[in-house]
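Below is one structure, written out as structure tokens; the observations come after it.
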Amino acid sequence: MNKKNVLIIGGGGREHAIVYSLSRSPKVGKIYCLPGNAGIAQLAECHSEYKATDLDGIVAFVRSHPDIYMTVVAPDDPLAMGLVDRLESEGFRAFGPRANGARLEASKSFAKNLMKKYGIPTAGYEVFTDYDSARAYLDECTYPTVLKADGLALGKGVLICETKEQAINGLKEIMLDKAFGSAGNTLVIEDFLVGFECSALAFCDGKTIVPMTTSQDHKRALNDNKGLNTGGMATFSPSYKVSADMEKRIYAEVLKPTLDALIGEGIEFKGVLYAGLMIDGDEIKVLEYNARFGDPETQVILPRLKTDLFDIFEACIDGTLADLNIEWTGNTAVCIILASGGYPEAYEKGKEITFGVTDEGVIVFHAGTAEKDGKIVTSGGRVLGVTALAPTLKQARDLSYANVKNITFDKVHYRTDILKEL
Ligand code: AMP
Ligand code: GLY
């Protein structure tokens with residue numbers, strides 16, 4: 001068989017999970033990754049001098065490597081900046097939505113207005129482009145309330161405000177002090193929702209949307225959902241709180257209507273569509289959309305995928321997803337993130353990581369790691385994700401924690417309360 005070489009853009013745990021999955025495909029030859037990390041480098045040729053947002057550099061890299069058959073764009077920024085559009089315009093094959101589809105994530109007001117127009121359930125909201133009208137609205141809204149900077153802000157542009165005073169401070173931070181830069185030029189103020197959260201990811205080829213297995217993220221930095229919001233501190237899959245009936249409803253009430261809405265707006269969305277949901281009793285509401293794989297959701301979803309990921313990427317690009325049967329293993333998966341002490345605020349880098357023996361059924365995905373003088377050191381906030389696969393979530397949790405304890409670096413921090421209810 002003629003194996004195909006693939007390039008992955010990104011360098012976190014999600015990208016390691018994508019590279020890991022593709023490396024197991026008999027159809028995939030050499031894998032490149034820009035910029036990659038120390039773990040990905042064990043499976044792929046990494047070029048750490050490239051940033052995922054260096055569109056000119058990436059396009060030039062693809063041009064100078066005619067052996068690259070397909071480029072997979074994993075992170076939000078290059079998608080929103082139009083990397084897929086740029087690659088396609090030069091005749092290259094790319095997996096991921098174009099900039100018009102990535103807006104679903106890159107502009108919260110665009111996403112909210114789309115949901116309103118097409119009757120997709122979401123929290124009530126108002127959009128503001130000037131400080132004074134937003135400030136006046138804070139006098140009449142109910143509390144808690146939620147402030148969301150419109151643009152991409154590394155998952156940090158959302159403030160849950162218990163009181164009016166907090167909301168006024170948050171509003172100043174976002175709209176006047178520009179704490180999230182131009183992401184805060186437009187602001188969404190949204191009703192506070194209660195319930196449990198669930199991540200519903202799906203593959204999409206522009207015409208067909210196929211749900212992946214469910215997963216659940218833990219965004220707060222500290223145990224018992226305390227501390228600041230992070231990119232995600234742990235995930236498990238499937239989300240045991242979501243029944244089979246609820247999964248069908250998520251497809252019928254959220255995923256399919258979102259694809260139809262995009263089609264209605266003339267947007268051909270190819271790639272991964274991710275709906276962050278809040279579920280309260282039998283009520284499902286969309287909290288946000290992402291136009292990509294989640295991180296660390298991918299680290300529990302892809303290890304459970306039976307179907308060849310390369311075939312799925314091909315089908316999404318070619319518009320043939322309806323012909324593909326996507327299957328999942330009966331296993332469950334838990335991923336615990338090891339972070340640098342201080343994350344998501346300031347943290348130190350360059351700490352040497354000591355790895356223990358990894359048990360069978362465990363995969364250690366690298367995120368913020370780099371190689372220095374033959375040693376693996378920390379180089380980011382989220383450093384590693386330890387994914388364990390087992391027949392039950394309880395077993396997977398215990399296996400993941402047993403392996404987490406074998407890995408150390410100075411000031412390592414991880415949550416110890418994941419699935420403690422089981
Ligand atoms: P987002 O980036 O929109 O997913 O928001 C980050 C996190 O803030 C979510 O995962 C929720 O935990 C929380 N959040 C966002 N919107 C709301 C809301 N309307 N009500 C309650 N919590 C929310
Ligand atoms: N884990 C949440 C995200 O990827 O946005």
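The values are calculated or read from the model by the stated rules, or taken from the named source; none is laboratory data. It should be emphasised that the depicted structure is a prediction, and the values quoted were computed from it without experimental measurement. Neighbour counts run over all protein chains shown; Cβ positions are idealised from the backbone, glycine included. Areas reflect the complete protein model, heavy atoms only, side chains present, ligands, DNA and RNA absent. Shrake-Rupley method; radii C 1.70, N 1.55, O 1.52, S 1.80 Å.
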TODO: Name every residue in the stretch 224-269 that is open to solvent by 20 Å² or more (accessible area, probe 1.4 Å) and within 16 Å of ligand 1 (Cβ to nearest atom), in order of residue number.
DONE: Asp224, Asn225, Lys226, Gly227, Leu228, Asn229, Gly231, Lys241
Task: Selection count where residues are touching a strand residue (DSSP E or B) at 6+ places or on another chain (Cβ under 6 Å) and over 13 Å from Asp311 (Cα atoms), scope the stretch 1-17 - done: 9
- [ ] Give the residues of the stretch 233-265 that are in contact (Cβ under 8 Å) with a residue 60 or more places away in the chain, farther than 25 Å from Val334 by Cα and not β-branched (Val, Ile, Thr), sorted by residue number.
- [x] Glu253, Pro257, Asp260, Ala261, Leu262, Gly264, Glu265
- [ ] Name, by its number, the condition in (1) open to solvent by 20 Å² or more (accessible area, probe 1.4 Å); (2) touching a residue at least 12 places away in the same chain (Cβ under 8 Å); (3) outside any strand (DSSP E or B) that does not hold for Leu159.
- [x] (3)
- [ ] Would you check if Met70 is aliphatic (A, V, I, L, M) and under 30 Å from Phe310 (Cβ atoms)?
- [x] yes
- [ ] Considering every residue within the stretch 179-193, establish whether at least one is buried (at least 21 other Cβ atoms within 10 Å of the Cβ), in contact (Cβ under 8 Å) with a residue 24 or more places away in the chain and closer than 27 Å to Pro303 by Cα.
- [x] no
Task: helices (runs of 4 or more DSSP H) fully within the stretch 210-301 counting 2 or more residues that are within 11 Å of ligand 2 (Cβ to nearest atom) - done: 298-301
TODO: Enumerate the pairs (first residue in the stretch 132-149 and within 12 Å of Ile174 (Cβ to Cβ) and open to solvent by less than 40 Å² (accessible area, probe 1.4 Å); second residue anywhere and part of a helix (DSSP H, G or I) and within 16 Å of ligand 2 (Cβ to nearest atom)) with beta-carbon separation below 6 Å, excluding pairs fewer than 6 apart on the same chain, so at least 6 apart or on different chains.
DONE: Lys148/Lys108; Ala149/Ala183
TODO: Only residues that are open to solvent by 40 Å² or more (accessible area, probe 1.4 Å) and modelled with pLDDT of 95 or more: list them for the stretch 353-372, please.
DONE: Thr354, Phe355, Thr358, Asp359, Glu360, Glu371, Lys372
TODO: Scan the stretch 375-414 for residues that are under 20 Å from the mean Cα position of the chain (by Cα) and open to solvent by less than 30 Å² (accessible area, probe 1.4 Å) and jot them down.
DONE: Gly380, Gly381, Val383, Leu384, Gly385, Val386, Thr387, Ala388
- [ ] Run Val300 past the list (1) under 22 Å from Ile160 (Cα atoms); (2) touching a residue at least 12 places away in the same chain (Cβ under 8 Å) and report the number of the one that doesn't hold.
- [x] (1)
TODO: Determine which single condition Ser199 fails, assuming it passes every other condition in (1) surrounded by 20 or more Cβ atoms within 10 Å (Cβ to Cβ); (2) over 27 Å from Pro97 (Cα atoms).
DONE: (2)
TODO: Please work out if Ile312 is of a type in the set (A, V, I, L, M, F, W, C) and either out of contact with any Gly (no Cβ under 8 Å at 6 or more places or on another chain) or within 16 Å of ligand 1 (Cβ to nearest atom) (or both).
DONE: yes
- [ ] Can you work out which of the residues in the stretch 202-223 that are crowded, with 20+ Cβ neighbours inside 10 Å and within 16 Å of ligand 1 (Cβ to nearest atom) is farthest from Phe310 (Cα to Cα)?
- [x] Ala221
- [ ] Could you please let me know if Gly96 is away from ligand 1 (no atom under 15 Å from the Cβ), crowded, with 22+ Cβ neighbours inside 10 Å and closer than 27 Å to Arg382 by Cβ?
- [x] yes
Task: For Ile189: the one exception among (1) more than 16 Å from ligand 2 (Cβ to nearest atom); (2) in contact with a Pro (Cβ under 6 Å, 6 or more places away or on another chain) - done: (2)
